[in-house]
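Undergrad: Let me give you the structure first, and then I'll get to my questions.
No lab work stands behind these numbers, since they all come straight from the coordinates. These numbers come from a predicted model, not from an experiment. Here the Cβ positions follow ideal geometry from the backbone for every residue, glycine too, while neighbour counts run over all protein chains shown.
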Amino acid sequence: MKTQKVVTLTQFISEQQSLFPDSSGDLTRIFMDIILAAKIVNRDVRKAGLVDILGTHGTTNIQGEEVKKLDVLANEEFMSALSLGGDCCAILSEENDDVVHVQNHINNKPKYIVAMDPLDGSSNIDVNASIGTIFSIFRRRSMAWNPVTMEDCLQKGINQIAAGYIIYGSSTMLVYTTGQGVNGFTLDSSIGEFCLSHPDIKIPKDGKIFSVNEGNYAEFPKGVQQYVDYCKESDTATSRPYSARYIGSLIADFHRNLLKGGIFIYPPTAKAPSGKLRLMYECNPMAFIMEQAGGKASTGDRRILEVIPEKLHQRVPLFIGSENMVKLAESMYKSGLSQELNG
Ligand code: F6P
C-alpha cells in the first residue's frame, strides 16, 4: 500500500523555527494556541445548528442557561487559549473595546501582540455560509517588563511578524504567512491535524472575478462606479464581463479570489466614508497575506500596510487582489476623485 507523505502544520512551523536557531519559540507557541482555539471553534461551528449557539447573546435557552452567539464563543476560545498559553502580552479583538492585557505567569517577557477578529462574517452564521477567524501578530516596541502602550498596539501593517486566517467552509483551512510566502493547511478531522494542502500560494496577476457589495453602487465614489461598470462590459480580449461573486464574508471572498484571481473592494461610501472594514484585524493581515502571494492591497490611494493607525478599531477602504486588477481599480478611483474635485 502506498503511503502519502503528510506534513502537519505543527511540523511545518517547527521546521520553520529551526531555521532561526536563536528564536525563543514564543511565536511557535502562539501559533499552537491559535491552532488549538481554531479546532475548538471549528467544532462549535460544525455543531452550530444542533446546539443553542445561533441565538442572540443575552438570551437564555430552555434550561435557563445563557445562549452565546458563536462570535462571543469564538472570542472566549481565542482569548482563553492565548491567555493560558501566556506567550503574548496583549490582545486586540474585534469583540473588545479596549486592548486586553494578558496577565502572564508563564513567559515573563512576552513580546508579541495579537490582533484578531475571532469570527468574521458572522451575519453568515445563521445561513450556513463560510465564516472565519483572522489574526495578525506583531512585536511590541517598548521594553517587555513595562506595561503595553497604545504605541505598541497601533503599529503599521508592515511591522507584522505573521498573519493568517482560518476559514470554516466546506472544509476548514488555515492560511498564514510569516513573510516567506503563503501556505495553506486543511484540517483532517480524522486525525485532528491541519495538513499542508496548498503550499506556496500565488495569486494570478489578472483575474476574472470582482467582489463588491453592488447594492451600495449609488453611494460609491465615481471612480469605483466606473471600475464596476468596466468589470461588467463585454470585451473578448480581456475576458470581460468578469464574474460577480460576493458572499459578504471577507474571508470567503478573499480566499476564493486568492486561489482563482480576482479583486475584492470595500470602498468608502456616502454612509461609511472610511469604508467598513477594520485596519488592525481585517485589512492589515489580509494585505500581508495578499502581498506575500504576489497580489496587491490598497486603500485606493495608498498601500494598506503603510497606513499609520490612529485608533484600535479604525476602518479603511480596501481594494485587494490580483495586482493588475487592483492597479486599474486604484487608478480609476483616483481619477474619479480628481474629476469630482474639478467639478
Ligand atoms: O466586517 C464584517 C463583514 O461581514 C466582512 O466579513 C464582509 O466582507 C463585510 O462585513 C460585508 O459587509 P456588507 O454586508 O456591507 O457588504
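Undergrad: In units of 2.2 N^0.38 Å, what is the alpha-carbon radius of gyration of region 83-214?
TA: Taking N as the residue count of region 83-214, the ratio is 1.22.
Undergrad: Please compute the Kirkwood hydrodynamic radius of region 180-322 from all pairs of different C-alpha atoms, in Å with one decimal. Intermediate results must be reported in sequence, preceding the final value.
TA: Values: mean 1/r = 0.0624 Å⁻¹.
The answer is 16.0 Å.
Undergrad: Quote the relative contact order of region 176-334 in percent (integer), defining contacts as alpha-carbon pairs under 8 Å separated by 6+ residues.
TA: Numbers: 312 pairs, mean separation 44.5, N = 159.
About 28 percent, as a whole number.
Undergrad: Quick check: pseudo-label points 7 Å beyond the Cα along Cα→Cβ at N104 and I308, how many nm apart are they?
TA: 2.7
Undergrad: Moving on to the next point. Pulled fully out, how much extra length does the chain show between Y217 and K260, if you take 0.36 nm times their separation in residues and subtract their Cα-Cα distance?
TA: Working: separation 43, 0.36 × 43 = 15.48 nm, distance 2.46 nm.
Length gained, Y217 through K260: 13.0 nm.
Undergrad: Specify the angular offset, from 0 to 90 degrees and rounded to the nearest 10, of the alpha carbon long axis of helix 323-341 from the longest principal axis of the alpha carbons in the chain.
TA: For helix 323-341, the angle is close to 60 degrees.
Undergrad: In Å and on Cα atoms, what radius of gyration and Dmax does region 184-235 show?
TA: Answer for region 184-235, Rg first and Dmax second: 18.5, 51 Å.
Undergrad: Provide the descending list of Cα extents for region 144-249 along its principal axes, expressed in whole angstroms.
TA: 57, 42, 25
Undergrad: How far, in degrees from 0 to 90, does helix 250-260 lean away from the longest principal axis of the Cα atoms of the chain, to the nearest 10?
TA: Helix 250-260 sits at roughly 70 degrees to that axis.
Undergrad: E340 to S123: extension gain in nm, 0.36 nm per residue of separation minus the Cα-Cα distance?
TA: Numbers: separation 217, 0.36 × 217 = 78.12 nm, distance 3.43 nm.
Taking E340 through S123 to full extension adds about 74.7 nm, to one decimal.
Undergrad: So what is the relative contact order for the chain, in percent, with contacts set as C-alpha pairs under 8 Å and at least six apart?
TA: Here the relative contact order equals 15 percent.
Undergrad: Compute the convex hull volume of the Cα atoms of the chain, divide it by the residue count, and report the result per residue in Å³ as a whole number.
TA: In the chain, the Cα convex hull volume per residue is 168 Å³.
Undergrad: Give the percent of DSSP beta bridges with both residues in the chain that are antiparallel, rounded to the nearest 5.
TA: The answer is about 85 percent antiparallel.
Undergrad: Quick one: angle between helix 9-18 and the longest Cα principal axis of the chain, in degrees between 0 and 90, rounded to 10, please.
TA: On a 0 to 90 degree scale, this one is about 80.
Undergrad: Can you sort F12, F288 by how many other beta carbons sit within 10 Å, fewest first?
TA: F12, F288
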